[in-house]
Amino acid sequence: MSSRVHACEHTVGVAAPAGVVYGMLADAARWPVFLPSVVHVERLDFDGVQERLRMWELAGEAGAGNPDNPDNPDNADAGAGAGAGAGADADAGVGGVLGGRVGSWYARRVLHPDVRAVVFEQEDAVWPGSVTSGVWSVRPAGEAECVLGLRQERGLAVAAADGAGARREAEADVHRRLAQVRRAAGRWEQWDELLLSFEDRVRIEGPAELVYDFLYRIGDWPGRVPHVERTGVCEDVPGIQVVSLDTCAAPGGRTVSTRAVRLCFPHAGRIVYKETLTPELVAAHSGEWSLLPDASGVTVVAAHQVMLRQEAVARVLGAGTGLLEARDHVRAWLSRASTETLGLAKWHAESTVRRLR
């Protein structure tokens, strides 16, 4: 079967300065909190201009957000597969579209800050030779506006029965990616208030393997972690978990339902995740459990990156509540949940060691 390259290029106006939009495109590691469908991005190599990345993203499933919330603007781009031109070596499941939910790609990118362009070549992790290449470009259109462009070239099978459909999907993919970047960048003036990053640490006098096992077996948490009422875990590909949880960690004890994709890297002692269904106050939430072993035990770090949903603050926390109070509220409840989980991981590892002795 022969193939040919299909090229498409589109532009969109963005209500943000060109430098802000270019900075967002260049900083791919932060895409999980900006772009709904991006689960995780890791940089494999970088020399200041050229970089090699691996990216995991959702495919055929809604991105981060609360689909039951009619005020959530992110729902317009559900399942967009945003993030062209990004693509980290890991021992989690290999790439490709996994059960119609998660795919992973390698990418090489060249950053051109002088002309505000990012050139990329993206290769499917499962099907080498299946390459998408192109360039992001940003052109100023005023002090607080710019024109964002994306040119993308993709190899399409000429003899495929759905060749026309594949071409339409390639065109739609460019539009979806542009729309996601435009929506995220349009909030640039509120980023300092909407974005928060924090971490909790617990020291454990026990082997890292036991701690990792506790964090990995999230399906067992309802019987172990008090704030977790129910879990559902699908792991069609080893190391890639699609998880649904009902928890009562929020203030007031009400049940909150979330869904997440978890990428598990046992040899590195890491589990990274991205929530695909978030609580109403949270527009995006990604995080990582990481283990830092030493001679006598391990330090476990629970890191969070969160973007608040500004339009939900008054509805959830009451009229007159500001973003500062909302930040404190969300940080307190997420920190309480992760600290409780880490405390139980500590008990699990240390009590097992005592029994073995």
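Give segment 11-37 a look and list any residue that's outside any helix (DSSP H, G or I), of a type outside the set (S, T, N, Q), farther than 21 Å from MET55 by Cβ and open to solvent by 20 Å² or more (accessible area, probe 1.4 Å), or say none. Those that are outside any helix (DSSP H, G or I), of a type outside the set (S, T, N, Q), farther than 21 Å from MET55 by Cβ and open to solvent by 20 Å² or more (accessible area, probe 1.4 Å): VAL12, GLY13, ALA15, PRO17.
Scanning segment 263-300 for residues that are within 22 Å of THR231 (Cα to Cα), in a strand (DSSP E or B) and in contact with a helix residue (DSSP H, G or I) (Cβ under 7 Å, 6 or more places away or on another chain) gives CYS264, ILE271, LYS274, VAL282, ALA283, ALA284, SER286, TRP289. Of all residues in segment 38-80, those that are at pLDDT below 55 and of a type in the set (A, V, I, L, M, F, W, C) total 5. Select from segment 251-265 the residues that are over 19 Å from the mean Cα position of the chain (by Cα) and not β-branched (Val, Ile, Thr) and write down the one among them that is least open to solvent (accessible area, probe 1.4 Å). Once the filter is applied, the top-ranked residue is GLY253.
The lone criterion from (1) touching a helix residue (DSSP H, G or I) at 6+ places or on another chain (Cβ under 8 Å); (2) open to solvent by 10 Å² or more (accessible area, probe 1.4 Å); (3) under 17 Å from GLU42 (Cβ atoms) left unmet by ALA303 is number (1). Within segment 163-189, residues that are open to solvent by less than 10 Å² (accessible area, probe 1.4 Å) have Cβ atoms under 6 Å from residues that are assigned to a helix (DSSP H, G or I) in these pairs: GLN180/ASP77; ALA184/PHE34; ALA185/VAL21; ALA185/MET24, counting only partners at least 6 apart in sequence or on another chain.
Across segment 205-250, the qualifying residues are those that are small (Gly, Ala, Ser) and part of a loop (DSSP other than H, G, I, E, B), and the one among them that is surrounded by the fewest Cβ atoms within 10 Å (Cβ to Cβ) is GLY239. Restricting LEU196, LEU215, LEU178 to residues that are farther than 30 Å from THR299 by Cα and at pLDDT 95 or above narrows the list to LEU178. Run LEU195 past the list (1) farther than 19 Å from GLN305 by Cβ; (2) within 21 Å of the chain's Cα centre (by Cα); (3) not β-branched (Val, Ile, Thr) and report the number of the one that doesn't hold. Every listed condition holds for LEU195 apart from (1).
The values are calculated or read from the model by the stated rules, or taken from the named source; none is laboratory data. From a predicted model like this one, the values you see are computed outputs, not experimental measurements. With ideal geometry, Cβ positions are generated from the backbone for all residues, glycine too; neighbour counts draw on all protein chains shown. SASA here: full protein model, heavy atoms, side chains in, ligands and nucleic acids out. Shrake-Rupley method; radii C 1.70, N 1.55, O 1.52, S 1.80 Å.
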